[in-house]
Each structure stands twice: as C-alpha cells, then as structure tokens.
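Take this structure first; my questions come after.
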Amino acid sequence: MNKVIRFANQKDLKATMEFDLHKNEEVISNKIDMKEVIVAELDNKVVGCLKIEYIWTHIPFISYIVVRMDLEVLE
C-alpha cells in the first residue's frame with residue numbers, strides 16, 4: 001500500500017469536490033491554488049481531504065477533515 005499526504009493540485013479538483021458538502025467548484029479550485037487543500041492518497045487514489053480556512057484572513061484553522069467512509073476506523 002502506497003500512502004501519500006500532499007497539497008492538492010487542480011488534477012484533484014473532482015476528487016476533492018466529492019468530499020466537500022458545498023461542492024462549489026470555483027471556491028475549491030481557488031483554495032487548491034492557494035495551497036489550502038491537502039489530500040491523502042492510498043495507492044494513487046484520493047481517499048481523504050483536509051481544508052484550511054482563515055479567521056480574520058491570518059489565523060489558519062482546519063475547517064474539515066474527511067476520509068472515505070470505507071477506510072474509517074472506529075474504536
């Protein structure tokens with residue numbers, strides 16, 4: 001199993017939109033360009049997504065972390 005965590009690029013737009021509740025392509029595309037979206041890959045497939053937002057334009061926080069449901073581990 002090949003695991004990779006990296007910043008998203010425009011090739012990941014479709015995959016990251018599947019994780020986003022609002023599904024606003026323009027907003028997600030812009031966030032990808034601004035390096036505000038991180039993806040988790042498993043065997044070269046996007047299986048998770050993290051989105052960064054900013055409070056008052058300069059305090060970063062994680063607005064969501066989503067992992068494909070069939071890969072979640074609940075204990």
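The values are calculated or read from the model by the stated rules, or taken from the named source; none is laboratory data. Bear in mind that the values here come from a model prediction, so they are computed numbers and not experimental data. Every residue, glycine among them, receives a Cβ derived from its backbone with ideal geometry; neighbour counts consider all protein chains shown.
What pairs come out if I take residues in the stretch 57-74 that are more than 20 Å from GLU18 (Cβ to Cβ) and pair them with residues that are modelled with pLDDT of 90 or more and part of a strand (DSSP E or B) whose C-beta lies under 7 Å away, six or more apart or interchain?
Sorted first by the residue in the stretch 57-74, then by its partner, the pairs are PRO60/ILE52; PRO60/TYR54; PHE61/GLU53; PHE61/ILE55.
Additional query: Out of the residues in the stretch 41-71 that are among the charged types (D, E, K, R) and exposed (fewer than 10 other Cβ atoms within 10 Å of the Cβ), which is nearest to LYS11 (Cα to Cα)?
Kept after step one, since they are among the charged types (D, E, K, R), are these residues of the stretch 41-71: 41, 43, 45, 51, 53, 68, 70.
The next check asks that each one be exposed (fewer than 10 other Cβ atoms within 10 Å of the Cβ); those that pass are 43, 70.
Numbers: ASP43: 16, ASP70: 23 Å.
Only one residue fits best here, namely ASP43.
Could you please find all residues in the stretch 40-71 being under 16 Å from MET1 (Cβ atoms) and of a type outside the set (S, T, N, Q)?
Matches in the stretch 40-71: ALA40, GLU41, LEU42, ASP43, LYS45, VAL46, VAL47, GLY48, VAL67, ARG68, ASP70, LEU71.
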